Amino acid sequence: MSASDACQCNRSRRKFITTAAAFSLMSSAGWAAQMNARGDAALTKAQRDGMTPEQILDELKKGNERFRSGKPTPHDYRDQKRTSAAGQYPAVAFLGCIDSRAPAEIIFDTGIGDGFNARVAGNVGNDDISGSLEFACAVAGAKVIVLFGHTACGAIKGAIDDVEMGNLTGLLARIKPAITATKFTGDKSSKNAAYVDAVARQNVLVGLNVLRQRSSILADLEKKKSLLLTGAMYDLTTGGVEFVG
Ligand SMILES: [Zn+2]
């Protein structure tokens, strides 16, 4: 352990990483008492490696609850930057929409160094996204992929409306299979919020399968249970995340 690592070990830590250290060092009855962190350091390799995918997912759920309830961790981004500059050990990789209202780091209350974040309109997969996630998980060691859509998604509305515009036409075509697969009774138009959200949810499920089909690397990691691949829907109104798929 280097001097700087030792220094980091003496610092108070934020909830995400405190739990990681707690799981590796303490009994299940004791670790909860340690969760008084301040958001002032990035994940270390030992902390990330000490968590199972299920424990990481649980921390993400807790992080969203902190965000949703208006009690996010007071992140010290300068310290997180400082402690992650020499190396990164993210626990999660997000695939979300570019929508300005759905920033993964904020809605899951994670900090610098906690997670990779791939964003594309409609959170659709393609070979470049698959390659990015393969790097995140197979090379850099992230153990969870969260593919999440959100309510009132403009890309979903555009796909429903058959919008054609430049390169957007091809992107929206990737959402069409989700429209076809959505079972919905009622007005199937982009004016119907319930229908738009139903398609967005289906699009997440389709996206998970696309990731698995396009990447034998990710599929194999998932089969070995060293990677947890999950979908989610983010509600722009409530701030809550519902995990699906
Ligand atoms: Zn969107």
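The numbers here are math on the coordinates, done by the rules we state, and not lab data. All of these numbers come straight from a predicted model, not from anything done at the bench. Glycine gets a Cβ as well: all are built from the backbone with ideal geometry, and neighbour counts include every protein chain shown.
When residues in segment 74-104 are screened for being more than 14 Å from LEU57 (Cα to Cα) and more than 16 Å from the ligand (Cβ to nearest atom), 16 of them pass. Of the residues examined, GLY70 is not one that is more than 11 Å from the chain's Cα centre (by Cα), surrounded by 15 or more Cβ atoms within 10 Å (Cβ to Cβ) and more than 16 Å from the ligand (Cβ to nearest atom). Note on segment 105-119: residues that are within 15 Å of the ligand (Cβ to nearest atom) and in contact with a Lys or Arg (Cβ under 9 Å, 6 or more places away or on another chain) total 1. When restricted to residues that are away from the ligand (no atom under 13 Å from the Cβ), assigned to a helix (DSSP H, G or I) and charged (D, E, K, R), segment 169-205 contains 1. Checking ASP109, ASP76, ASP99 one by one, the residue that is more than 22 Å from TYR234 (Cα to Cα), crowded, with 16+ Cβ neighbours inside 10 Å and not basic (Lys, Arg) is ASP76 and no other. Here LYS183 fulfils each of the conditions (1) surrounded by 17 or more Cβ atoms within 10 Å (Cβ to Cβ); (2) of a type in the set (Lys, Arg); (3) closer than 18 Å to VAL244 by Cβ apart from (1). On inspection, LYS223 fails the criterion of being touching a Phe, Trp or Tyr at 6+ places or on another chain (Cβ under 8 Å) and either within 16 Å of the ligand (Cβ to nearest atom) or basic (Lys, Arg) (or both).
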